[in-house]
1. What pairs can you find where one residue is in the range 234-254 and within 27 Å of residue 218 (Cβ to Cβ) and in contact (Cβ under 8 Å) with a residue 60 or more places away in the chain, the other is near the ligand (Cβ under 8 Å from one of its atoms) and part of a strand (DSSP E or B), and their Cβ atoms are less than 6 Å apart, with a gap of 6+ or different chains?
2. Restricting to the range 58-80, name every residue that is touching a strand residue (DSSP E or B) at 6+ places or on another chain (Cβ under 6 Å) and either within 7 Å of the ligand (Cβ to nearest atom) or part of a loop (DSSP other than H, G, I, E, B) (or both).
3. Residues to consider are 98, 102; find the one that is at pLDDT 95 or above, away from the ligand (no atom under 13 Å from the Cβ) and either in a helix (DSSP H, G or I) or closer than 17 Å to residue 380 by Cα (or both).
4. Assuming residue 41 fulfils every condition listed in (1) within 10 Å of the ligand (Cβ to nearest atom); (2) crowded, with 24+ Cβ neighbours inside 10 Å; (3) on the phi < 0 side of the Ramachandran plot apart from one, which condition is it?
5. Which numbered condition trips up residue 338, out of (1) more than 16 Å from the ligand (Cβ to nearest atom); (2) in the same structural domain as residue 49 (by TED's automatic domain parsing)?
6. Output the residue which, of all residues in the range 371-399 that are within 20 Å of residue 85 (Cα to Cα) and out of contact with any strand residue (DSSP E or B) (no Cβ under 9 Å at 6 or more places or on another chain), is modelled with the lowest pLDDT.
7. Could you identify the single residue in 387, 403, 411 that is in a helix (DSSP H, G or I), more than 14 Å from the ligand (Cβ to nearest atom) and farther than 22 Å from residue 184 by Cα?
8. Given the structure, is residue 48 within 15 Å of the ligand (Cβ to nearest atom), closer than 18 Å to residue 242 by Cβ, touching a residue at least 40 places away in the same chain (Cβ under 8 Å) and assigned to a loop (DSSP other than H, G, I, E, B)?
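The values are calculated or read from the model by the stated rules, or taken from the named source; none is laboratory data. Predicted, not measured: the structure shown is a model, and the values here were computed from it. Here the Cβ positions follow ideal geometry from the backbone for every residue, glycine too, while neighbour counts run over all protein chains shown.
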Ligand SMILES: Cc1cc2nc3c(=O)[nH]c(=O)nc-3n(C[C@H](O)[C@H](O)[C@H](O)COP(=O)(O)OP(=O)(O)OC[C@H]3O[C@@H](n4cnc5c(N)ncnc54)[C@H](O)[C@@H]3O)c2cc1C
């Protein structure tokens, strides 16, 4: 049986995860089981497939297999922005953007529905988002975002430098642009909550890395560290590890980005943050820092992208990167010099060249889904649900929209890819320098 070269194993401290109560012990797959469908990967895509497939086929057995704990992968490491729309750069083809918005909004609405139905405690906050601009590039980029929102007819409101200071306590940004419609969450709590409320016919196996798989004449055979699973259908929702399974190699770029989070801030520190109320801020430049003040008064900073074709970044390197986050925090709020980051972590997400899709049936009974580029959490929630619809032959206008997205195109081979990425990354970093 072909063996996977890399399986996920994070060693750093994902703050969203670590500040939740400890989870129940993992149900690890041991021995052999036969089910109708195996889903590999319990991130936002895999969980969305499992929820919808479980509802569609209440009489068939489904297994969801996760290498680590649910909420510990990229989906539970994100900044927790569940975006209804997001776009950097000059107004793009609005027809494509409008199509994407329908998918992102439907993913957001699915997640909202699940959170409400099962009363998942994940700090769900219908905040919307503030774009903040610093420096001349930032000014140019925020104008482009405003223009796109205007073309789409979406609500938006400018915030002057003084208003920004009043709201979030810093004059770092020349101005802000507030737009409603998206939500903020603790993403690890959302993932765990979705896993806790899976349909009854879905069994979850955690700390169960798939180490090899093959198809024989009768079944897909998935080998894990301590067991084997046989199934009629196999769904791969393994995020950036998809290519380990031979799906879409050379069609997406794994980029790691990093985040840090403080302990809850005391009253004195909170008083330095304007109203001291929770907020979510995206830089107007693509590579600028994302900042949040959470509902439990923690400051969160996400910054830096690195091309990472291999395993997760080692924990000591992640701690080093945490120093950059601290610098970013102090540049905005010099008074927070006593507030250290207790958690720093990295996570890897996929980018395609053409905003393309990795979605559908790749061989009889073998399905895959990947979320990528902008708004991946809501995009992934929608794509996961639609993949389950496709598997069960449930047609819909949204499924047809999803199927219209061109496949992710082939990227140049390495080392040309590395050179291309280094150049693009350098340019985007330079353009976002003032928003680090
Ligand atoms: C710091 C950071 C901030 C981000 N902020 C945002 C944001 O605010 N909004 C947003 O929309 N997106 C954000 N993203 C991107 C987003 O988190 C990801 O694109 C998205 O979560 C990917 O979802 P997924 O289900 O495809 O993959 P994942 O969440 O990675 O899920 C795949 C799962 O498959 C499992 N797996 C892989 N291989 C195996 C195997 N061999 N055996 C068993 N299991 C396996 C993995 O352990 C993993 O849990 C952010 C990402 C990071 C890292």
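1. 236/40; 237/369; 238/40; 242/370
2. Of the range 58-80, the ones touching a strand residue (DSSP E or B) at 6+ places or on another chain (Cβ under 6 Å) are 60-65, 74, 77, 79-80.
Selection gives 60, 61, 65, 74, 77, 79, 80.
3. Details: 98 fails: at pLDDT 95 or above.
Selected residue: 102, the only one of 98, 102 that is at pLDDT 95 or above, away from the ligand (no atom under 13 Å from the Cβ) and either in a helix (DSSP H, G or I) or closer than 17 Å to residue 380 by Cα (or both).
4. (3)
5. Unmet condition: (2).
6. Initial filter on the range 371-399 (within 20 Å of residue 85 (Cα to Cα)): 371-386, 397-399.
Filter once more, so that each one left must be out of contact with any strand residue (DSSP E or B) (no Cβ under 9 Å at 6 or more places or on another chain): 374, 382, 385, 397-399.
Values: 374: 90, 382: 98, 385: 98, 397: 97, 398: 98, 399: 98.
If we take residues in the range 371-399 being within 20 Å of residue 85 (Cα to Cα) and out of contact with any strand residue (DSSP E or B) (no Cβ under 9 Å at 6 or more places or on another chain), then 374 is modelled with the lowest pLDDT.
7. On the way: 387 fails: more than 14 Å from the ligand (Cβ to nearest atom); 411 fails: in a helix (DSSP H, G or I).
Residue meeting the stated conditions: 403.
8. On the way: within 15 Å of the ligand (Cβ to nearest atom): yes; closer than 18 Å to residue 242 by Cβ: yes; touching a residue at least 40 places away in the same chain (Cβ under 8 Å): yes; assigned to a loop (DSSP other than H, G, I, E, B): no.
Answer is no for this residue.
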